[in-house]
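Undergrad: Please read through the structure below; I'll follow up with questions.
Please treat every number below as a calculation from the coordinates, not as lab data. All of these numbers come straight from a predicted model, not from anything done at the bench. Because the Cβ atoms are built from the backbone with ideal geometry, glycine has one as well, and the counts that use them run over all protein chains shown.
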Amino acid sequence: MDIDPKKASPYNVDISALRSASSAGQGPRYWRGLEELAGTPEFRNHIENEFPHGPNDPDTKFDRRDLLKVMAASAAFAGLSGCTKLPTQKIVPYVRQPEEIVPGKPLFYATAATLGGVATGILVESHMGRPTKIEGNPDHPGSLGAADAFSQASILGLYDPDRSQAEIHDGRIGSWAAFQDELAAALGTEKGTGGSGVRLLTGTVTSPTLGDQISTFLKAYPSA
């Protein structure tokens, strides 16, 4: 090992003596530094007194009773952090228990997941009204029981913290009833023009039901 003698150690390590000891096979075979290899008194003193006023200090008087006091105080302070009073929440049972919901027993619903305008038949596993897993519907000709990664991951959107929790109008929380009233008023003003100021923005539509609804709307507003 090539040791630079210019890089002196603060523990009075003699580099030449180390070279001789290393070549003669003396000293520890594995060492983490030149100081450990040399084993100087200064280095040993540093190791033994790494933590001042520690348990090995002869001036330290720390008996069993003091130890129990410190442990009791630590446990008391640790318990104070758990004394926060949480808001009271009431568990209200069903007024009329749904027959199909049994605690601990999942329910499966047949539905479809749309990707790129194409619907894929899926089965959704639900626990106490909360969807938890998506698999393919073996009775659906489009999936035949298979489910791709997009379908299985779509359930995460239901629990997305950024998912809208309420209707937003001009940056403020609104309501669905207010939206319907405002939409009805806006469409009422378009009756005379045949809906020339109305535009429908959709993705790829492959649903016969949605296509029929759009056709019905365009009959009422032919200029839309």
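Undergrad: Out of 178, 216, 168, whose Cα points farthest toward the positive end of the dipole of segment 168-220 (charges: +1 Lys, Arg; -1 Asp, Glu; placed on Cβ)?
TA: So the residue we want is 216.
Undergrad: 5 Å is the cut-off here: which amide hydrogens, built 1.01 Å from N in the peptide plane, fall below it relative to residue 122, excluding neighbours closer than 5 in sequence?
TA: So residue 122 has HN proximity to 111, 112, 113, 137.
Undergrad: Still on this model: What is the set of long-range amide H partners of residue 140 at a cut-off below 5 Å, with H atoms built 1.01 Å from backbone N?
TA: Sorted by chain and number, the residues that satisfy this are 145.
Undergrad: Sticking with this one: For an R0 of 35 angstrom, estimate the FRET efficiency from the Cβ-Cβ distance between residue 90 and residue 207 and round to the nearest 0.05.
TA: Working: r = 42 Å, r/R0 = 1.20.
Between residue 90 and residue 207 the formula returns 0.25.
Undergrad: Put a dot 7 Å past each Cα toward the Cβ at residue 216 and residue 125; how far apart are the dots in nm?
TA: 3.7
Undergrad: Percent of Cα-Cα pairs per 10 Å bin, from 0 to the last occupied bin, for segment 168-220, please list those.
TA: Calculated P(r), rounded to whole percents: 19, 39, 38, 4.
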